[in-house]
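What follows is a set of notes on a single structure, which appears directly below.
Read-outs throughout are calculated quantities, based only on the coordinates presented, and are distinct from any laboratory measurement. Since we're looking at a predicted model, the values are computed, not measured. Because the Cβ atoms are built from the backbone with ideal geometry, glycine has one as well, and the counts that use them run over all protein chains shown.
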Amino acid sequence: MAEHEPGTVIEPPGGSATVLVVDDTPTKRYILSSWLRRAGHTVVEAAGGEEALAVLAAHRPDLVVLDVRLPDLGGFEVCERIKADPATTSIPVIQVSGNAITSADRTEGLERGADAYLSEPIEPAEFAATVEATLRYYRARRRAELMAERMAKLADVTSKMNAADSFDRLLTVAVEGMVDILGRYTGALALPPDGRMRRVRARPGEAPSNRSAIPKLLDRLSDMSLGEGAGARVFTVGVAEWVNLVNDVRISEPVTGVLCRTKRGQPPIYLGLEADPPLDGDEMNVLRQLGQALALAVDALRVYTEEHTISLTLQRSLLPTRIPDVPGLTVTFRYQPAVDNIEVGGDFYEVLRIGDRVLVAIGDVAGHSLHAATIMAELRHALRASLIDSVDLSASMDLLNKVLRRYHPGMTATVCLLLIDPETGVVEMANAGHIPPMLAGPGAHYLGLGNLLLGVAHEDYEVTRLELPAGATMLLFTDGLVEDRGILLDDSLEQARQVAETVEGDLEEFCDRLLAAFGSREDDVAIVAVRRGT
């Protein structure tokens, strides 16, 4: 196992290049080519301008040595064409001439794209020095261009990783990105909170594969490099040693990878590449940066996943665990957390038997936070307490308003209360700024507007009496179902009304269809559907 400390730069071996020599004189071509070969370069030749452009397209040389006087296309024109083509514009051109030797000729040649201009007779040492200087500049430029391209791709991959919504997707983006940037067989390992090791790998030109891996694999890699500490370590593992670690992998070259851990005690991530040829300094830097970005993205997704699970658990613990069985009434409810929202919401519903009648409540405390959820729980308990000795919806709503204004100034909530007598169908309704209940079925319509929402000011809450016919369905929902950016609330309310024109015999199916009509929501949704028996 070989280890590379941070900051180590590994230069590519050798300084040879492929050089295209263009000259219509065989003797001069032979001499120039001989000098180049003795310097260790590979030479391809052309006797004219058109042939030179064809060879250029086929071989993509690192340098062109170009005679100014050619029988078909002049050297100046050939040079201009090379520099005008985006695919070849960075290839340096040394112009050579035994006729155009004045300062004006040299000026014209340089102005039309040449990187250097030599007049005959040419000394071998001068020619060799000019070639090396031009190649040195060309290599530095190509390296800078390649690094800039890689950095742009790295930024794009990092952005996509941060947007990934699952660990499998996150590792896939990282592996695909590394294959695209460095063109090497790549694999990645990470351990999410569920304890199931994620392992993704891909070869250039192939789709990524996702396989399971032994949970201890990251521990073994840590023992070989980083230990229990935090940081990033790049190291190389030989073929035999790697096959011993991962016995179902087929590789023929060593693997160079980076193991990253953001903080002590956290599981690390590993990002590895097949190291043939060995990675140079720039490739090492790209590997290290993408590995560190992957570690941060994995940690962020891990925290999000854990917090989302905790939030949903807390949210559900604050809501009723079951709906009481009520003779003469069928009650169905739905609670759907917001998509991509780890915070606890303030939506709630309640169904309570009060003697022969049933109280159905639905509400929404403004905001998404633990504070909003605790206020929601407090209002539910206050509502229950208000119904112990006597049942007066106006008094209950007034109490909720006072609780909110006294103990949580600045917070607001909407609440709708329905007191239903299953035997007679008589319904008492008090509404504090909530979306009005809807009488579903053919001719579906909303039932009144109600009073001011809770927490704003003193309000005398009115109680409206209405009748729920036998077999009829009443629908209540929070605004998360119908609120959309860029869509008028009135339009969304009308959409809900049209969906509720038809009510299935099974209220469960009705609620599912209502949710499906609006798709994934950016806010929590609570729904309660009540049907009076026939």
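For the reader, a short list of remarks on this structure follows.
- Highest mean first, the peptides 136-142, 262-268 sorted by other C-beta atoms within 10 Å per residue fall in the order 262-268, 136-142.
- Between 0 and 90°, nearest 10: helix 370-386 axis offset from the chain longest Cα axis: 10
- Antiparallel DSSP beta bridges within the chain, percent to nearest 5: 80
- The Cα center of the stretch 147-186 and the Cα center of the stretch 486-517 differ in position by 41 Å.
- Seen against the Cα atoms of the chain and their longest principal axis, helix 507-518 is set at about 40 degrees.
- Residue exposure proxy: TYR335, TYR30, ordered by other Cβ atoms within 10 angstrom of their Cβ from fewest to most, comes out as TYR30, TYR335.
- Distant-in-sequence amide H partners of MET197 (H built 1.01 Å from N, under 5 Å): ALA213
- Under-30-angstrom lysine pairs by C-alpha in the chain, whenever the two are 8 or more apart or on separate chains: 6
- Computed over the stretch 164-309, relative contact order equals 23 percent, with contacts defined as Cα pairs under 8 Å that lie 6+ residues apart.
- Mean residue ellipticity, 222 nm, helices only, the chain: the sum of -39500 (n - 2.57) across DSSP H runs of n ≥ 4, divided by residue count and rounded to 500, is -13000 deg cm²/dmol.
- Using the Cβ of ALA114 as centre and a radius below 11 Å, the other residues enclosed give a net charge of -2, where K and R count +1 and D and E count -1.
- In Hz, Karplus ³J(HN,Hα) per residue of the stretch 294-302 (6.51, -1.76, 1.60; θ = phi - 60°; x = Gly, Pro): 5, 4, 5, 5, 5, 4, 4, 5, 5
- Normalised contact order of the stretch 318-532, rounded percent, pairs of Cα under 8 Å and 6 or more residues apart: 26
- Phi-based couplings in Hz for the stretch 522-528 (Karplus 6.51, -1.76, 1.60; Gly and Pro marked x): 8, 10, 5, 10, 10, 9, 10
- In this simple spin-label approximation, ARG513 and ALA84 carry label points 7 Å from Cα along the Cα→Cβ vector, and these lie 6.8 nm apart.
- FRET efficiency for the ASP72 to ASN99 pair, using the beta carbon distance and R₀ = 22 Å, is estimated at 0.85.
- Net charge, LEU146 excluded, C-beta distance under 11 Å - Lys, Arg +1, Asp, Glu -1: +1
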